[in-house]
Amino acid sequence: MTTPEPTPQEKALKRVLTVSWLDGWSLIIIASLSLLLTLVLGELLGISISLLVLAAGIIELRGRRALKRRRADGMQLLVRAQLFLLAVILVYCARCLGSFDAGYLRDQLVPELRQNFLTLGINFDEILAQFELTVDELVPLVHKAFLILYGGVAIISIFFQGGLALFYRRKTQLVTQALNITPGLPPR
């Protein structure tokens, strides 16, 4: 006797449970490691961001647990977790992009780098000369790298977190139907 083919509703529920488990635990692990590092460094903003990302992971796992308990409102939690995480990432990127200070880089960070490299027996100015750069030419390059890094993180997050929120939103009807008709939930 063959087992019946799962319905589209059952497939959607199983996929949502799998994706939410993977994403929720990924967020929790990454946020926890980040939190430990920022605690050691004493970085208040990093601690705050880590805690907010940790909260998003917990919300996602709570949504998953609600679905496993046959509560359709778990889908709303999954969508909200992604939108919350997206907002956290975008605000962080905007803050970082807006906080770039060329004067600080030139007047404080470069001299600090020179000193740190000297303790290692490396001449920072020689490194710049090898790349045919001066400090005044380095600052715009660092600014471009800054824009590319945080702009890239923002764009990737819009696609990833936004896409995951849309995925959950689009699966809501199928998952709700599965919860109403499926006697047992798929594992995991």
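Values quoted throughout were computed directly from the atomic coordinates according to the rules given, and no laboratory measurement underlies them. These numbers come from a predicted model, not from an experiment. Positions of Cβ are generated from backbone atoms using ideal geometry, with glycine treated the same way; all protein chains shown enter the neighbour counts.
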Out of all the residues in segment 9-25, is one or more surrounded by 14 or more Cβ atoms within 10 Å (Cβ to Cβ), free of Cβ contacts under 8 Å to residues at least 40 places away in the same chain and among the hydrophobic types (A, V, I, L, M, F, W, C)? yes
Quick check on segment 115-127. Is at least one of its residues surrounded by 15 or more Cβ atoms within 10 Å (Cβ to Cβ), within 29 Å of Gly46 (Cβ to Cβ) and aliphatic (A, V, I, L, M)? no
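Give the residues of segment 102-126 that are without any contact (Cβ under 8 Å) to a residue 12 or more places away in the chain, assigned to a helix (DSSP H, G or I) and either in contact with a Phe, Trp or Tyr (Cβ under 7 Å, 6 or more places away or on another chain) or of a type outside the set (S, T, N, Q) (or both), sorted by residue number.
Result: Gly103, Tyr104, Asp107, Leu109, Pro111, Glu112, Leu113, Arg114, Phe117, Leu118, Asp125, Glu126.
Yes/no matrix, rows are residues, columns are (1) closer than 30 Å to Pro8 by Cα; (2) basic (Lys, Arg); (3) part of a helix (DSSP H, G or I):
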{"position": "Val88", "(1), (2), (3)": "no, no, yes"}
{"position": "Arg95", "(1), (2), (3)": "no, yes, yes"}
{"position": "Leu128", "(1), (2), (3)": "no, no, yes"}
{"position": "Phe146", "(1), (2), (3)": "no, no, yes"}
{"position": "Gln161", "(1), (2), (3)": "yes, no, yes"}
{"position": "Asn180", "(1), (2), (3)": "yes, no, yes"}
